[in-house]
Amino acid sequence: MKIKSVRARVYEWKGKTVPPQGNFCSNAMDLVYDNKANQHAAGADTMNTFRFHCWTVVEVETDDGIVGLGNVALAPRIAKAIIDEYLTPLVLGQDPWDYEYLNQRMYRATQAWGRKGVGMAAISAIDIAIWDILGKSVGKPVFKLLGGRTKEKIPCYYSKLYRTDLKEMQAEAQKFKDQGFKAFKMRFGYGPAHGQLGVVENLKSVEAVREVIGYDNDLMLECYMGWNVEYAKRILPKLEKYQPRWLEEPVIADDIDGYAELNQLTSIPISGGEHEFSLYGFKQLLDRKAVSVVQYDTNRVGGITMAHKINALCEAYSVPVIPHAGQMHNYHLTMSSLNCPISEYFPIFDVEVGNELFYYIFDGDPAAENGFLQLDDNKPGLGLSLKTEYLEHFTITE
Ligand SMILES: O=C(O)C(=O)C[C@@H](O)CO
Ligand SMILES: [Mg+2]
């Protein structure tokens with residue numbers, strides 16, 4: 001079997017989107033004053049560079065007609081250019097079963113500029129498609145090629161609860177608690193740029209959600225790189241009483257020493273990894289005890305080949321892996337590793353940040369039932385197909 005073609009298409013969403021609102025989610029741009037607008041005024045949209053309304057879909061076809069599906073959501077147009085210009089020539093004519101060789105070939109050929117960020121995301125898309133081919137070629141789901149079924153079904157956590165009116169957040173938490181979720185991730189709306197008022201608002205929102213979900217359900221807290229070490233050191237002790245399962249991405253991914261300091265500071269486990277890349281990136285996080293929960297995203301980190309290696313590394317360090325995002329490219333890794341206890345789960349809703357765009361492009365992702373996900377032993381490959389019902393809402397670029 002040989003790789004005959006690689007097709008990367010950019011899907012740009014032109015449909016309805018939820019209008020941005022201020023203090024929706026603390027993020028790395030909160031600390032950067034926009035000298036063209038008072039971005040700290042109510043309603044300022046500091047999340048605009050973290051909105052993903054575009055997605056690159058990769059189809060790798062073999063000479064016997066098997067088509068594997070991959071995807072990349074980070075800088076999708078740039079990722080397409082990298083795939084077309086640099087990566088496709090490296091895999092054409094190759095045997096997809098040589099997936100380690102092909103992953104190394106792509107990773108090493110682009111070391112000069114691609115070892116973090118969009119270069120690795122582009123590699124991930126091709127690698128994911130290759131694993132889809134492997135599963136399809138032997139009639140097995142990808143998780144069966146990685147270690148098989150380690151769980152009867154995958155526990156998942158409800159992930160949304162962006163900062164808004166506290167009553168609305170409580171109603172959202174109640175709605176999904178009633179659907180059987182036993183774990184919830186919420187977003188802070190404030191950080192260092194908002195001073196003590198923001199600290200009070202952040203604490204109020206955690207109090208409000210805990211009021212609804214109680215203390216027999218897990219609560220996780222998402223900062224999305226929006227704080228700094230000084231602010232985190234101030235607020236973490238105040239958050240301990242809410243017993244969060246983890247506090248996620250308090251600072252930017254490069255501040256590994258900051259992560260390590262905060263991870264030792266209180267009883268609250270610090271999590272991260274969705275903005276880290278390659279086996280070596282995670283070795284650094286583990287060696288420096290920077291995180292207590294690893295959250296790579298398989299369509300960013302270097303693909304299934306790389307994620308599978310990181311799963312083994314984290315197991316050796318006894319650090320659990322709970323990949324960023326739901327989606328099949330992550331669920332197969334979680335199913336096949338005892339060190340991956342649960343999955344993140346984005347509910348299907350109107351296009352907002354873009355995490356949910358996956359549902360508008362692909363068919364096959366399992367719906368959560370009573371807080372669990374199930375994968376099908378008899379569905380070969382990733383178990384995904386391309387959706388047609390929303391095509392009119394996309395501009396698709398070859
Ligand atoms: O789901 C997460 O962990 C993310 O970081 C998503 C991002 O949109 C912030 O909520
Ligand atoms: Mg996150």
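The values are calculated or read from the model by the stated rules, or taken from the named source; none is laboratory data. Here the structure is a predicted model, which is why all the values come from computation and not from measurement. Please note: Cβ atoms are built from the backbone with ideal geometry, for glycine as well, and neighbour counts cover all protein chains shown. Ligands, DNA and RNA are excluded from the accessible area calculation, which covers all protein heavy atoms including side chains. Shrake-Rupley method; radii C 1.70, N 1.55, O 1.52, S 1.80 Å.
Given the convex hull of the Cα atoms of segment 248-398, what is a quarter of its surface area in nm²? Intermediate results must be reported in sequence, preceding the final value.
Numbers: hull surface 43.0 nm².
Computing the convex hull of the Cα atoms and averaging its projections yields 10.7 nm².
Could you give the dipole magnitude of segment 254-335 about its Cα centre, charging the beta-carbon of Lys and Arg +1 and that of Asp and Glu -1, in debye to the nearest 20?
Values: 5 positive and 9 negative charges, 54 e Å.
Dipole magnitude for segment 254-335 comes out near 260 debye.
Rank Leu145, Val57, Phe346 by how far each Cα sits towards the positive end of the charge dipole of the chain (+1 on Lys, Arg Cβ; -1 on Asp, Glu Cβ) and give me just the farthest.
Leu145
Tell me, what is the FRET efficiency for Lys283 and Asn48 to the nearest 0.05, using R0 = 35 angstrom and their Cβ-Cβ distance as r?
Details: r = 33 Å, r/R0 = 0.95.
E(calc), rounded to 0.05, equals 0.55.
In nm, to one decimal, how far is the modelled label at Glu59 from the one at Asp34, with both set 7 Å along Cα→Cβ?
3.8
Quick check: from the Cα gyration tensor, does segment 111-235 come out rounded (a/c under 1.5), prolate or oblate? Could you put the intermediate results ahead of the total?
Values: a/c = 3.28, a/b = 1.52, b/c = 2.16.
Oblate shape, in that a/c is at least 1.5 and b/c is the bigger or equal ratio.
What whole-number distance in Å separates the alpha-carbon centres of segment 252-315 and segment 155-233?
So the separation of the two Cα centres works out to 22 Å.
Can you give the calculated 222 nm mean residue ellipticity of the chain, where each DSSP H run of n ≥ 4 adds -39,500 (n - 2.57) and the sum is split over every residue, rounded to the nearest 500 deg cm²/dmol?
Numbers: 14 runs with 141 residues, N = 398.
Calculated mean residue ellipticity at 222 nm is -10500 deg cm²/dmol.
If you fit an axis through the alpha-carbon atoms of helix 229-239 and take the longest principal axis of the Cα set of the chain, what angle between them do you get, 0 to 90°, nearest 10?
70
Whole percent per 10 Å bin, from 0 to the bin with the longest distance: what is P(r) over all C-alpha pairs of segment 30-180?
9, 26, 25, 23, 14, 3
Kindly report the accessible area of the chain per residue (heavy atoms of protein chains, probe 1.4 Å, no ligands, DNA or RNA), in Å².
Value returned for the chain: 39 Å² of accessible area per residue.
If the only charges are +1 at each Lys and Arg Cβ and -1 at each Asp and Glu Cβ, what is the size of the charge dipole of the chain around the Cα centre, to the nearest 20 debye?
I would put it at about 380 debye.
Does anything in segment 1-25 have its amide N under 12 Å from the 7 Å Cα→Cβ label point of Thr395, and if so which residues?
Of the residues in segment 1-25, 11-15 have backbone N under 12 Å from the label point off Thr395.
I want the local charge near Ile396. Using Cβ-Cβ distances under 9 Å, sum +1 for each Lys or Arg and -1 for each Asp or Glu among the other residues.
Numbers: positive: Arg9; negative: Glu12, Glu398.
Result for the local shell: -1.
So what's the angle, to the nearest 10 degrees on a 0 to 90 scale, between helix 99-109 and the longest Cα principal axis of the chain?
That works out to roughly 70 degrees.
Farthest toward the dipole's positive end in the chain, which of Gln264, Ile66, Phe394, given Cβ charges of +1 (Lys, Arg) and -1 (Asp, Glu) about the Cα centre?
Selected residue: Gln264.
So, in nm, how far is label Tyr101 from label Asp84 when the simple model puts each one 7 Å beyond its Cα toward the Cβ?
Once both label points are built, they end up 2.9 nm from each other.
Going by alpha carbons, how many degrees (0 to 90, nearest 10) lie between the helix axis of 256-265 and the longest principal axis of the chain?
50
Test of understanding: express the Cα radius of gyration of the chain as a ratio to 2.2 N^0.38 Å, with N the residue count.
On the way: Rg = 20.4 Å, N = 398, 2.2 N^0.38 = 21.4 Å.
Expressed relative to 2.2 N^0.38 Å, the Cα Rg reads 0.95.
Report, for the chain, the % of DSSP beta bridges that are antiparallel, rounded to 5.
Numbers: 24 of 44 bridges.
Taking every DSSP beta bridge with both residues in the chain, the antiparallel ones total about 55 percent.
How many percent of the accessible area of the chain is carbon or sulfur, using a 1.4 Å probe?
Details: 7920 of 15350 Å².
Using a 1.4 Å probe with all protein chains present, the chain comes out at 52 percent carbon and sulfur.
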